[in-house]
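Take a look at the structure below.
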Amino acid sequence: MLKRILVTGGAGFLGSHLCDRLVARGHDVICVDNFFTSQKSNIAHLLDHRNFELVRHDVTEPLVLEVDQIFNLACPAAPGHYQYNPIKTTKTSVLGAINLLGLAKRVKARILHASTSEVYGDPTIHPQPESYRGNVNPIGPRACYDEGKRAAETLMFDYHRQNGVDIKVIRIFNTYGPRMHPFDGRVVSNFIRQALAGETITLYGDGSQTRSFCFVDDLIDGMLAMMDSRDGFTGPVNLGNPHEFTIRQLAELVVAGTNSNSTIEQAKALPVDDPLQRQPDISLAKAELDWEPGIELASGLEKTIRYFDSIDLSHFRAPTPNY
Ligand code: NAD
Ligand code: UDP
């Protein structure tokens with residue numbers, strides 16, 4: 001059945017791909033964004049579409065709409081973006097969740113919240129199942145994001161228990177692909193930008209820390225499957241690619257994939273509280289959503305490199321100086 005669907009953060013990297021998929025399915029899509037870390041170019045191709053509407057709005061302020069479903073993605077996601085104005089980051093997570101949950105409660109909409117693997121902090125259990133309660137430093141530089149997202153999860157479950165709101169919580173692990181902001185400072189965008197320009201690839205620490213990278217198309221499949229999952233299945237559910245790589249391996253793959261002569265060098269020490277390892281346990285997503293990612297890193301990187309090669313960097317405003 002066709003629905004009226006609100007996507008907050010809909011002009012961002014993941015949000016714009018989600019809007020594409022929802023519009024293609026024929027739904028009426030309302031994209032809400034304050035453009036802190038994105039620009040209209042991500043959704044320019046949708047602006048004239050009869051099923052698509054764009055609202056410039058900050059989710060820390062309440063909003064009044066009539067919708068059937070809400071995807072709450074609004075939040076800066078890259079460390080350099082969320083640490084730029086950490087108080088605003090916590091407000092976006094917490095006040096944003098309260099405002100969107102209030103809306104969901106009023107109009108009886110199903111709400112999916114984009115949480116993160118960062119709720120596990122620097123994990124002491126590997127890979128991370130949803131039952132792991134995490135190892136987050138509550139007063140460190142990443143806390144505005146990690147604790148903000150943890151508080152948003154708390155709010156989701158309290159609105160569910162107290163008010164019967166129909167909630168779905170996903171914990172997204174590192175996802176990459178076309179439309180990542182070229183100056184977001186995240187590892188995939190930094191390395192590809194550097195390799196294409198023949199600049200030094202900047203390893204933080206010795207590059208032995210690990211991440212598991214999921215291509216955006218796989219992630220959106222999982223997100224949609226979660227929104228459509230059976231009544232009563234709230235999550236949280238991990239969504240990510242369980243194939244784990246060291247950051248140095250990623251650098252080598254990017255150099256090979258771009259035919260670059262960039263060298264790979266340690267540029268600075270590992271940032272404070274930077275998790276040493278991260279890999280999702282996706283058994284729950286497989287069992288409940290019949291979902292698992294299918295796109296391997298080398299082939300996802302190829303598509304992402306093609307995208308970065310096609311854009312004009314002078315058209316992108318760096319949201320913060322942290323790249
Ligand atoms: P992104 O920065 O590209 O997108 C976030 C969007 O939210 C941007 O368009 C930004 O302008 C908007 N936004 C930020 N603050 C806002 C506010 N106060 N009001 C309205 N809009 C606001 O990042 P992304 O990678 O697309 O992440 C989307 C969501 O997924 C985030 O909630 C993020 O925490 C979560 N997530 C992403 C990843 C990943 O690897 N990409 C991993 C874990 C979780
Ligand atoms: N990183 C790096 N070089 C860079 C950017 C990031 O070595 O130019 C490292 C970073 O320290 C972390 C990993 O890559 O260990 C992933 O960083 P990212 O900011 O992409 O996301 P995170 O998973 O830390 O939120």
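Look through 183, 233, 173, 157 and report the one residue that is within 17 Å of residue 297 (Cα to Cα) and aromatic (Phe, Trp, Tyr). Steps first, please.
Details: 183 fails: within 17 Å of residue 297 (Cα to Cα); 233 fails: within 17 Å of residue 297 (Cα to Cα); 157 fails: within 17 Å of residue 297 (Cα to Cα).
Going through 183, 233, 173, 157 in turn, the sole match is 173.
I'm told residue 262 meets every condition in (1) touching a strand residue (DSSP E or B) at 6+ places or on another chain (Cβ under 8 Å); (2) surrounded by fewer than 17 Cβ atoms within 10 Å (Cβ to Cβ) except one. Can you identify the failing condition by its number?
Evaluating residue 262 over (1) touching a strand residue (DSSP E or B) at 6+ places or on another chain (Cβ under 8 Å); (2) surrounded by fewer than 17 Cβ atoms within 10 Å (Cβ to Cβ) leaves (2) as the failure.
Taking interchain pairs and intrachain pairs at least six residues apart, which have beta carbon atoms under 6 angstrom, with the first residue in the stretch 135-159 and within 23 Å of residue 112 (Cα to Cα) and touching a residue at least 12 places away in the same chain (Cβ under 8 Å) and the second within 14 Å of ligand 2 (Cβ to nearest atom) and among the polar types (S, T, N, Q)?
Here the result reads 144/89; 145/89; 148/89; 149/115; 149/116; 153/115, each pair linking the stretch 135-159 to a residue that is within 14 Å of ligand 2 (Cβ to nearest atom) and among the polar types (S, T, N, Q).
Does residue 178 qualify as being open to solvent by 10 Å² or more (accessible area, probe 1.4 Å), more than 9 Å from ligand 2 (Cβ to nearest atom) and touching a residue at least 12 places away in the same chain (Cβ under 8 Å)? Steps first, answer last, please.
Values: open to solvent by 10 Å² or more (accessible area, probe 1.4 Å): yes; more than 9 Å from ligand 2 (Cβ to nearest atom): yes; touching a residue at least 12 places away in the same chain (Cβ under 8 Å): yes.
Taking the combined requirement at face value, the residue satisfies it.
Take the residues in the stretch 113-125 that are within 15 Å of ligand 2 (Cβ to nearest atom) and assigned to a loop (DSSP other than H, G, I, E, B), then tell me which one is most open to solvent (accessible area, probe 1.4 Å).
Residues of the stretch 113-125 within 15 Å of ligand 2 (Cβ to nearest atom): 114-123.
Filter once more, so that each one left must be assigned to a loop (DSSP other than H, G, I, E, B): 122-123.
Details: 122: 48, 123: 10 Å².
The qualifying residue most open to solvent (accessible area, probe 1.4 Å) is 122.
If I filter the stretch 162-175 for residues that are at positive phi and at pLDDT below 95, do I get at least one hit? Write out each step before concluding.
Of the residues in the stretch 162-175, the ones at positive phi are 164.
Keeping just the survivors that are at pLDDT below 95 gives none.
Within the stretch 162-175, none of the residues are at positive phi and at pLDDT below 95.
Taking the criterion of being over 30 Å from residue 156 (Cα atoms), hydroxyl-bearing (Ser, Thr, Tyr) and under 19 Å from the mean Cα position of the chain (by Cα), would at least one residue in the stretch 289-310 satisfy it? Steps first, answer last, please.
Looking only at the stretch 289-310, we keep the residues that are over 30 Å from residue 156 (Cα atoms), and these are 295-310.
Within this subset, residues satisfying the condition of being hydroxyl-bearing (Ser, Thr, Tyr) are 299, 304, 307, 310.
Remaining after also requiring under 19 Å from the mean Cα position of the chain (by Cα): 304, 307.
So far as the stretch 289-310 goes, yes, one or more of its residues are over 30 Å from residue 156 (Cα atoms), hydroxyl-bearing (Ser, Thr, Tyr) and under 19 Å from the mean Cα position of the chain (by Cα).
Do we find that residue 250 is of a type outside the set (Phe, Trp, Tyr) and over 18 Å from the mean Cα position of the chain (by Cα) in this structure? Spell out the reasoning first.
Values: of a type outside the set (Phe, Trp, Tyr): yes; over 18 Å from the mean Cα position of the chain (by Cα): yes.
Yes, satisfied.
Got a sec? Which of 316, 233, 308 is open to solvent by less than 60 Å² (accessible area, probe 1.4 Å) and in contact with a Lys or Arg (Cβ under 7 Å, 6 or more places away or on another chain)? Quick ask: steps written out before the conclusion?
Numbers: 316 fails: in contact with a Lys or Arg (Cβ under 7 Å, 6 or more places away or on another chain); 233 fails: in contact with a Lys or Arg (Cβ under 7 Å, 6 or more places away or on another chain).
Unique residue meeting the criteria: 308.
Taking into account only those residues within the stretch 156-175 that are part of a loop (DSSP other than H, G, I, E, B) and open to solvent by 20 Å² or more (accessible area, probe 1.4 Å), which is farthest from ligand 1 (Cβ to nearest atom)? Even if it seems obvious, please write down each step before you answer.
Residues of the stretch 156-175 part of a loop (DSSP other than H, G, I, E, B): 164-166, 173-174.
Next, only the ones that are open to solvent by 20 Å² or more (accessible area, probe 1.4 Å) stay: 164, 166, 174.
Details: 164: 24, 166: 19, 174: 5 Å.
Checking each candidate, the answer is 164.
Just to be sure, is residue 148 within 12 Å of ligand 1 (Cβ to nearest atom), crowded, with 22+ Cβ neighbours inside 10 Å, modelled with pLDDT of 95 or more and under 30 Å from residue 306 (Cα atoms)? If you could, list the steps in order and put the result at the bottom.
Details: within 12 Å of ligand 1 (Cβ to nearest atom): yes; crowded, with 22+ Cβ neighbours inside 10 Å: yes; modelled with pLDDT of 95 or more: yes; under 30 Å from residue 306 (Cα atoms): no.
So residue 148 does not fit the description; no.
Which strands (runs of 3 or more DSSP E) does the stretch 184-299 wholly contain that include 1 or more residues that are among the aromatic types (Phe, Trp, Tyr)?
Correct list: 201-204, 244-246.
From the residues in the stretch 265-281 that are acidic (Asp, Glu) and out of contact with any Lys or Arg (no Cβ under 9 Å at 6 or more places or on another chain), which one is surrounded by the most Cβ atoms within 10 Å (Cβ to Cβ)? Walk me through how you get there before you give the answer.
Residues of the stretch 265-281 acidic (Asp, Glu): 265, 273-274, 281.
Add one more test, that the residue is out of contact with any Lys or Arg (no Cβ under 9 Å at 6 or more places or on another chain), and what stays is 265, 281.
On the way: 265: 11, 281: 18.
For the stretch 265-281, the residue satisfying everything is 281.
Can you list the helices (runs of 4 or more DSSP H) lying wholly within the stretch 1-110 that have 1 or more residues being farther than 23 Å from residue 224 by Cβ and within 8 Å of ligand 1 (Cβ to nearest atom)? Steps first, answer last, please.
Details: elements: 13-24, 79-82, 86-107.
Because the criterion is at least 1 residues that are farther than 23 Å from residue 224 by Cβ and within 8 Å of ligand 1 (Cβ to nearest atom), the helices (runs of 4 or more DSSP H) in the stretch 1-110 that meet it are 79-82, 86-107.
The values are calculated or read from the model by the stated rules, or taken from the named source; none is laboratory data. Note that the structure is a prediction, hence the values are computed from the model and not measured. Quick reminder, even Gly has a Cβ in these numbers, built from the backbone with ideal geometry, and neighbours come from all protein chains shown. Areas reflect the complete protein model, heavy atoms only, side chains present, ligands, DNA and RNA absent. Shrake-Rupley method; radii C 1.70, N 1.55, O 1.52, S 1.80 Å.
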